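The values are calculated or read from the model by the stated rules, or taken from the named source; none is laboratory data. This one's a predicted model, so the numbers in the text were calculated from it and none came from an experiment. Cβ placement follows ideal geometry from the backbone for every residue including glycine, while neighbour counts extend to all protein chains displayed. For the accessible areas, the whole protein counts, side chains as well, though only heavy atoms, and no ligand, DNA or RNA atoms are used. Shrake-Rupley method; radii C 1.70, N 1.55, O 1.52, S 1.80 Å.
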Amino acid sequence: QVQLVESGGRLVQTGDSLRLSCVVSGITFSRYAMGWFRRAPGAEREFVGGISWNGDSSYYTEPVRGRFTISRDNAKNTAYLQMTNLHPSDTAIYSCAASSCGTYYAPDEYDYWGQGTHVTVSS
């Protein structure tokens, strides 16, 4: 059974930083690209970015580029999303996902999903 469990979401203030974690089980983590998505209230799911299986390459969408960083620790089967300079527009449910295709930059290529963790940024 594949499980992706996110944690770390909470209420923060504008300008704050926050790190989310995603612990993965049931797959060989080091063989999967990992990505992060978010869904703001009343909006469609949005791709945030992804990281290659070995962590050497990453991709970010324009709204978060330069503020968010994705990393991973294959020894711990865990992916991270470090968020800085948070803004109320970053308020969303953040979910991690795993891709067997390795195309970490392609939002349609993710196979497994977590339930998400809530991030709320107050003004």
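Numbers for the structure displayed
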| read-out | value |
| --- | --- |
| Two-site label geometry, C101 and R39: point separation in nm, points 7 Å out along Cα→Cβ | 2.1 |
| Pair S89, E62: separation of 7 Å Cα→Cβ label points (nm) | 1.0 |
| Carbon/sulfur fraction of accessible area - the chain, other protein chains in place, 1.4 Å, % | 44 |
| For region 1-100, with +1 on Lys and Arg beta carbons and -1 on Asp and Glu, the positive-most of Q13, V64, G26 along the dipole | G26 |
| Mean accessible surface per residue for the chain, computed with a 1.4 Å probe while every protein chain stays in place, in Å² | 51 |
| Listed residues R45, R72 arranged by accessible area, highest first, probe 1.4 Å | R45, R72 |
| Considering only the chain, percent of DSSP beta bridges that pair antiparallel, nearest 5 | 95 |
